[in-house]
Amino acid sequence: MHFQAYDEVEAYLAKLGLFHMDMSLDRITAVLDEVELRRPPYAVAQVLGTNGKGSTSTFLAALGQAAGLDTGLFTSPHFVTPRERVRVNGHMLDEDEWCDLANDIMNAGGGTLTYFEFITVLAVLAFHDYEVHLAVFEAGLGGMYDATTAIASDVTVYAPIAMDHEQVLGERLEDIARDKAGAIRHNVPVVTHVQDEAALAVLRDVAAQKGARLHMAEEMVTMPQDARFGLTGAHQRDNACLALGAFKLLAESHGWNPPPIMDWDDVKELAFADAWIAGRMQEVPAQADHPALILDGAHNEHAIAALKEALRLRGDKPAAIIFGCMGDKVLDGIVPLLLSMTDGPVFLPPIAENERAMNPEELAKVLGERARVSASLGEALRQARKLAGEREVLLCGSLYLLGEFFTLRPACLERE
């Protein structure tokens with residue numbers, strides 16, 4: 001197959017199936033070997049965990065850029081276009097570049113790859129073409145068989161591990177941690193920070209077996225007391241600390257120094273203030289068809305608890321919530337948190353064109369009397385607009401629900 005245009009690449013990826021998984025690294029390893037990039041010429045940081053790995057990856061990439069390094073960032077999922085997943089110095093590649101890279105992958109035997117594997121290889125190739133100094137790869141839901149684990153890395157970074165995707169990773173926190181710990185390499189340093197004791201015990205055990213030194217970020221670096229963060233929420237300080245610990249290891253091992261007119265404190269200040277991700281405590285002004293919004297991708301109990309605390313510290317209590325989630329979501333701990341964040345209703349629109357989404361009527365039975373089923377996201381936004389007045393409304397839950405909003409308002413995907 002030869003792609004003539006980006007639309008053909010996107011159609012091919014859609015045909016592969018976004019949610020298809022195949023627990024093996026054989027396919028992606030073979031393609032990386034074919035393009036001779038199993039061990040890329042740039043420094044690689046792999047970021048794993050359940051919550052905060054996107055923010056940690058973004059902070060780490062921002063540190064690289066602030067230090068004057070050309071930096072690649074691979075994240076997932078995307079909201080509107082797969083191009084969001086691969087960035088060089090903060091910018092998406094253009095469509096022609098995606099087309100050329102996709103053809104290179106197919107010529108290297110990439111017709112066997114899954115969706116996530118294909119885009120992972122595309123990122124590896126793109127970062128090589130741009131001759132980046134540092135590439136940050138955010139893992140998907142796992143670790144042991146995650147496509148990013150096929151790439152040789154210089155540091156393995158663990159954001160908080162929590163209960164999520166139990167049907168795939170296991171019913172206990174220890175099971176989930178052990179799968180994610182499968183990414184730890186022999187003699188490659190590991191960095192973590194805030195971690196549940198049960199998960200930390202697993203990381204320590206696997207690291208010891210692999211001869212990989214495990215570092216606690218808070219013992220490695222000192223965070224500025226008055227640091228300003230482009231990402232909102234008290235938990236972002238922890239994510240930034242973890243990123244800083246990982247960057248310190250990389251800078252020491254690669255001999256990186258800040259630009260001549262800066263020092264490391266300047267680098268930290270610039271990076272932390274500059275980091276930004278769409279859909280992370282993102283404020284969107286009111287429009288005729290929707291109220292002032294807070295967008296957040298919190299979709300499990302741990303993340304929603306952090307979201308609640310962030311709102312409390314800001315003194316915010318949304319007038320209402322618009323919420324949606326996947327059908328496999330464990331809601332026992334989530335529902336009380338949702339209901340405690342607002343005194344108003346919780347609007348439940350369907351998530352368009354997503355067969356994995358929980359039916360709003362079923363979700364309403366769990367949420368109780370404050371649930372309001374909406375025919376669409378657009379209707380939920382209009383209903384919330386009438387109710388909220390000048391107050392903000394929280395739109396949270398599934399990233400695919402946020403993706404539907406960004407399809408309506410694509411300009412919100414980029415920082416103003």
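Here are the numbers:
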item: Rounded to 5, percent antiparallel among DSSP beta bridges of the chain; result: 25 percent
item: Global geometry of segment 145-257, whether rounded, prolate or oblate, following the gyration tensor of its Cα atoms and the 1.5 cut on a/c; result: oblate
item: Anisotropy class of segment 29-152 from Cα gyration tensor, a/c 1.5 cut; result: rounded
item: Y12, Y130, ranked by accessible area, largest first (probe 1.4 Å); result: Y130, Y12
item: Of Q65, T192, I105, farthest towards positive along the dipole that unit charges on Lys, Arg, Asp, Glu beta carbons give the chain; result: T192
item: Positive minus negative residues near A364 (Lys, Arg vs Asp, Glu; Cβ under 12 Å); result: 0
item: Cα→Cβ-extended label distance, 7 Å offset, between Q209 and L313, nm; result: 3.6 nm
item: Protection proxy ranking of 377-384, 324-331, 363-370 - average other beta-carbon atoms within 10 Å, highest first; result: 377-384, 324-331, 363-370
item: Net charge of Cβ neighbours under 12 Å - reference A43; Lys, Arg +1; Asp, Glu -1; result: -2
item: Estimated dipole of segment 339-390 in Debye, rounded to 20 [Cβ of Lys and Arg +1, of Asp and Glu -1, Cα centre]; result: 140 debye
item: Segment 1-142 - charge dipole about Cα centre, Lys and Arg +1 at Cβ, Asp and Glu -1, debye rounded to 20; result: 620 debye
item: On Cα atoms only, tilt of 399-408 relative to the major axis of the chain in degrees; result: 80 degrees
item: Gyration tensor verdict on segment 216-345 (Cα atoms; rounded if a/c is under 1.5, prolate if a/b is larger than b/c, oblate otherwise); result: prolate
item: Within a Gaussian network of the chain (alpha carbon springs, distance under 10 Å), most fluctuating of S153, S374, S24; result: S24
item: Unsatisfied cross-links (Cα-Cα over 22 Å) in the set K53/K248; K180/K308; K53/K308; K53/K365; K365/K386; K329/K386; result: K180/K308; K53/K365; K365/K386; K329/K386
item: Charge-dipole axis of segment 1-90 as Lys and Arg at +1 and Asp and Glu at -1 on Cβ define it, positive-most pick from V47, V35, G17; result: V47
item: Charge dipole magnitude, Cβ of K and R +1, D and E -1 - the chain, Cα centre, debye nearest 20; result: 980 debye
item: MRE, 222 nm, helices only [DSSP H, n ≥ 4, -39500 (n - 2.57), over the chain, to nearest 500]; result: -12500 deg cm²/dmol
item: Table column - 3J(HN,Hα) (Hz), segment 186-193, Karplus curve with 6.51, -1.76, 1.60, x for Gly and Pro; result: 4, 6, 9, x, 10, 10, 9, 9
item: Zero-based 20 Å bins, Cα pair distances in the chain, whole percents; result: 27, 59, 14, 0
item: Computed E for S340/E414 - FRET, C-beta separation, R0 35 angstrom, nearest 0.05; result: 0.60
item: Leading residue at positive end of dipole, segment 260-416 (Cβ point charges), from T407, G333, A371; result: A371
item: Summed side-chain charge close to L331 - residues other than L331 whose Cβ falls under 11 Å, Lys, Arg +1, Asp, Glu -1; result: -2
item: Accessible area (Å², 1.4 Å probe, nearest 10) - T112; result: 80 Å²
item: The chain: angle of helix 95-107 to the longest principal axis, Cα-based, in degrees nearest 10; result: 60 degrees
item: Å² of accessible area per residue within the chain, as computed with a 1.4 Å probe and no ligands counted; result: 42 Å²
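The values are calculated or read from the model by the stated rules, or taken from the named source; none is laboratory data. Nothing here was measured: the structure is a model prediction, and the numbers come from that model. Neighbour counts are summed over all protein chains in view; Cβ atoms, including those assigned to glycine, are modelled from backbone coordinates with ideal geometry. Only protein heavy atoms, including side chains, enter the accessible area calculation; ligands, DNA and RNA are left aside. Shrake-Rupley method; radii C 1.70, N 1.55, O 1.52, S 1.80 Å.
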